[in-house]
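**Q** A single structure is presented below for examination.
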Amino acid sequence: MVIRGIVAALVLSCLFSFLLSLLLASFSKKYKIFNNLEDRNLKEKKIPRLGGVAIVMALLLSLLIIRLLFSHLFQNINHSTNYTLLLLAAAIIFLLGIYDDIKGANVWLKFLFQIVSAVIIYGAGFKIAEISIPFTGTKTIGSHLLPFLLTIIWVVGITNAVNIMDGLDGLAIGISFFATLSLGVLAFLSSQYHVVIIVAVLSGAMIGFYPFNFPRARLYLGDSGSMVIGFTLAVLSMTKIHRKASLALALMIPIIILFLPILETSVTIARRIYKKQNVFLRDKDHFHYRFLRKGFSETKTTVFLILVSLLFSLAGILFEFVQVKLRLLLFIGIFLISLFLLIYLGYLNLKTKKGGQPPF
């Protein structure tokens with residue numbers, strides 16, 4: 001019954017997402033509802049930014065039906081968490097994204113509502129309460145302030161990290177899919193079947209939408225889609241799906257799984273600070289843009305970055321099961337891959353410029 005429920009959630013969500021995406025693509029083409037805002041892609045394209053609507057509607061419809069048909073899979077829900085508040089927080093993120101896609105939201109307005117949603121999540125019982133120190137163990141945080149601040153930073157950070165990756169057709173969806181799948185594997189192995197259902201529904205929604213997003217997108221994911229997916233990933237990574245402790249702060253595993261968007265975001269902030277630029281302004285100097293300037297096609301860039309993300313996702317799963325010595329090898333492998341990316345893309349240079357300062 002468990003496998004049947006998971007498969008039903010995946011298929012149902014995929015079907016809803018595909019049909020809704022088809023409807024939105026046809027509707028947008030007929031009534032000429034295109035992206036009229038400043039686009040992050042190198043070329044302006046008349047593409048509607050309504051993908052998030054298909055994703056979210058597929059999520060809601062599928063969860064409602066699966067909840068009715070397979071209610072036994074939701075019996076192990078942690079009663080210390082409030083899923084009604086979770087839905088409220090997700091709704092705020094979705095409406096914020098819709099407003100940004102249609103009108104364009106000020107960066108401070110976006111951060112304000114993201115923080116509000118993160119506070120709601122904390123109040124709902126989804127929080128970072130433990131810290132995993134590599135090779136030593138998991139430590140519980142004593143005070144209330146530190147878990148609160150870490151939860152806010154994590155939720156807002158991952159939400160925006162996925163949003164930053166949404167710069168090429170199919171990139172954010174591809175990276176998010178494998179991260180979601182990895183969290184689902186860990187949830188299944190820890191018998192957290194309600195989390196697995198959420199993972200299956202989100203994965204199905206992304207699969208159904210993907211033919212319209214890659215290659216040569218007919219629908220953009222939009223901020224409403226990328227932020228909801230990032231927000232959901234942040235929350236899923238704070239659920240108790242770790243065998244030995246809360247994954248919330250065995251944070252090493254979700255950090256590894258989501259390492260590519262985290263690395264991208266960290267590099268973005270660092271280079272803007274280094275160049276004394278506004279940290280919050282959009283630019284065209286992200287990983288994918290540098291790959292394009294090196295001669296990669298959009299498709300090859302997307303596939304390559306998705307494969308790198310897949311490697312990190314697999315490493316995150318392995319980190320849960322292997323011994324300490326092998327974990328050290330995983331860390332070394334992740335470090336070397338990251339270092340190669342940063343050097344190849346020109347963010348780091350072993351040579352120095354005149355004046356002694358390394359280019360960044």
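The values are calculated or read from the model by the stated rules, or taken from the named source; none is laboratory data. The structure presented is a predicted model; accordingly, all values stated were derived computationally and were not measured. Counting neighbours? That spans all protein chains shown, and the Cβs are built from the backbone with ideal geometry, glycine included. Note: accessible area is taken over every heavy atom of the protein model, side chains too, but ligands, DNA and RNA are not part of it. Shrake-Rupley method; radii C 1.70, N 1.55, O 1.52, S 1.80 Å.
**Q** So how far apart, in nm, are the two label points at PHE296 and ARG67 if each is 7 Å from Cα heading toward Cβ?
**A** My value for the distance between the label points is 4.0 nm.
**Q** For a label point 7 angstrom out from the Cα of ILE153 toward its Cβ, which stretches of region 265-299 have the backbone nitrogen within less than 14 Å?
**A** Residues passing the 14 Å test: 266.
**Q** Within a Cβ distance under 14 Å of ILE306, other residues only, what is the Lys/Arg minus Asp/Glu net charge?
**A** Charge balance in the 14 Å sphere: -3.
**Q** May I ask you to order 186-193, 105-112 by the average number of other C-beta atoms within 10 Å around their residues, highest value first?
**A** For the peptides 186-193, 105-112, the packing ranking is 186-193, 105-112.
**Q** Follow-up. On the full set of protein chains, 1.4 Å probe, figure out the accessible area of ARG67 and give it in Å² to the nearest 10.
**A** Using a 1.4 Å probe on the heavy atoms, I get roughly 110 Å².
**Q** Here's something else I'd like to know. Which of rounded, prolate or oblate describes region 259-325 when judged by the alpha-carbon gyration tensor and an a/c cut-off of 1.5?
**A** oblate
**Q** Moving on. Find out how many positive minus negative residues lie around GLN114, taking Lys and Arg as positive, Asp and Glu as negative, among other residues whose Cβ is under 12 Å from that of GLN114.
**A** Counting the neighbours of GLN114, the net charge comes to -1.
**Q** May I ask you to derive the FRET efficiency for TYR274 and MET1 from their Cβ-Cβ distance with R0 = 35 Å, giving the value to the nearest 0.05?
**A** Efficiency at R0 = 35 Å is approximately 0.05.
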